[in-house]
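Data block below; observations after.
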């Protein structure tokens, strides 16, 4: 089945700096890669996603990049703000094989933005 | 408002006492699933359901049961809870099981088994 590795587990930045979270996946059949943000006391919420036919996607201060050859994808947050502080999860979803269409999540990154 | 509702939010119970965590969604989603979240381990899938009366095991199903008698409800049952099931549980739903479908998560249920 799919295996997703996520790094770092904790990321501490100053307000205004950029933050980058990286994930790798193992199953070449994965073709959908969502990112979720989990604020304290809440469930994860989708913030951006990317499909395998796209290399980069941007939405205001957040962007995702995907390298299918290397099997890794990243989340980039620019001009970080204190409200960006949360746990971020990446996920990979295979389109065929055992576990198809079931997302496998990374272990999460706790992002702390210091004012 | 479109949402996934879990109850209870917090639960403390004793070893061996059967409990049920309810999950309900109002978006007419076909696909529902349960996850547990533990420090350093991320979100691990317990069970999922592709539609009414169709359920299957996820990565960590031992000690859990589920049922899907109606489309909107997907309860998680712990027949004989043990301390290693102390965790934060999330229910999620999406329009259908498939790639490119956003999963909507409930607020979570924090379970402590003593």
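The values are calculated or read from the model by the stated rules, or taken from the named source; none is laboratory data. Everything numeric here is computed off the predicted structure, so don't read it as measured data. Cβ: placed from backbone, ideal geometry, glycine included. Neighbour counts: every protein chain shown.
Take segment B:47-58 and flag every residue that is farther than 21 Å from residue A:6 by Cα and in a loop (DSSP other than H, G, I, E, B).
First, the residues of segment B:47-58 that are farther than 21 Å from residue A:6 by Cα: B:47-57.
Within segment B:47-58, B:52, B:53 qualify.
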Q | Residue selected from segment A:8-19 under the condition buried (at least 16 other Cβ atoms within 10 Å of the Cβ) and within 15 Å of the chain's Cα centre (by Cα), by the criterion nearest to the other protein chains (Cβ to nearest Cβ) | A | A:11
(Q) Suppose we keep only residues that are part of a helix (DSSP H, G or I) and more than 14 Å from the chain's Cα centre (by Cα) within segment B:59-113. Which one would you say is nearest to the other protein chains (Cβ to nearest Cβ)? (A) B:84
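Just name the residue that is farthest from the other protein chains (Cβ to nearest Cβ) out of those in segment B:21-34 that are part of a strand (DSSP E or B) and modelled with pLDDT under 95.
Here is the first cut: in segment B:21-34, the ones part of a strand (DSSP E or B) are B:21-25, B:31-34.
Going one step further and asking which of them are modelled with pLDDT under 95, we end up with B:31-33.
Values: B:31: 8, B:32: 12, B:33: 8 Å.
Ranking the qualifying residues of segment B:21-34, first place goes to B:32.
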Q) What residue, among those in segment A:65-84 that are away from every other protein chain (no Cβ under 14 Å) and in a strand (DSSP E or B), is farthest from residue B:92 (Cα to Cα)? A) A:67
Q. Which ones in segment A:33-64 are farther than 19 Å from residue A:7 by Cα, within 11 Å of chain B (Cβ to nearest Cβ) and assigned to a strand (DSSP E or B)?
A. A:45, A:51
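Please work out if residue B:38 is more than 12 Å from the chain's Cα centre (by Cα) and under 21 Å from residue A:30 (Cα atoms). Full working, then the answer.
Values: more than 12 Å from the chain's Cα centre (by Cα): yes; under 21 Å from residue A:30 (Cα atoms): no.
No, not satisfied.
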Q. Has segment B:35-46 got any residue that is out of contact with any helix residue (DSSP H, G or I) (no Cβ under 6 Å at 6 or more places or on another chain), more than 23 Å from residue A:89 (Cα to Cα) and part of a strand (DSSP E or B)?
A. no
Q: Inspect all residues belonging to segment B:12-20 and state whether any of them is within 15 Å of the chain's Cα centre (by Cα) and under 16 Å from residue B:110 (Cα atoms).
A: yes
(Q) Against the definition (under 23 Å from residue A:40 (Cα atoms) and in contact with a helix residue (DSSP H, G or I) (Cβ under 9 Å, 6 or more places away or on another chain)), how does residue A:75 come out, yes or no? (A) no
Q) For residue A:19, all conditions in the list (1) at pLDDT below 95; (2) touching a helix residue (DSSP H, G or I) at 6+ places or on another chain (Cβ under 9 Å) hold save one; what is the number of the exception? A) (1)
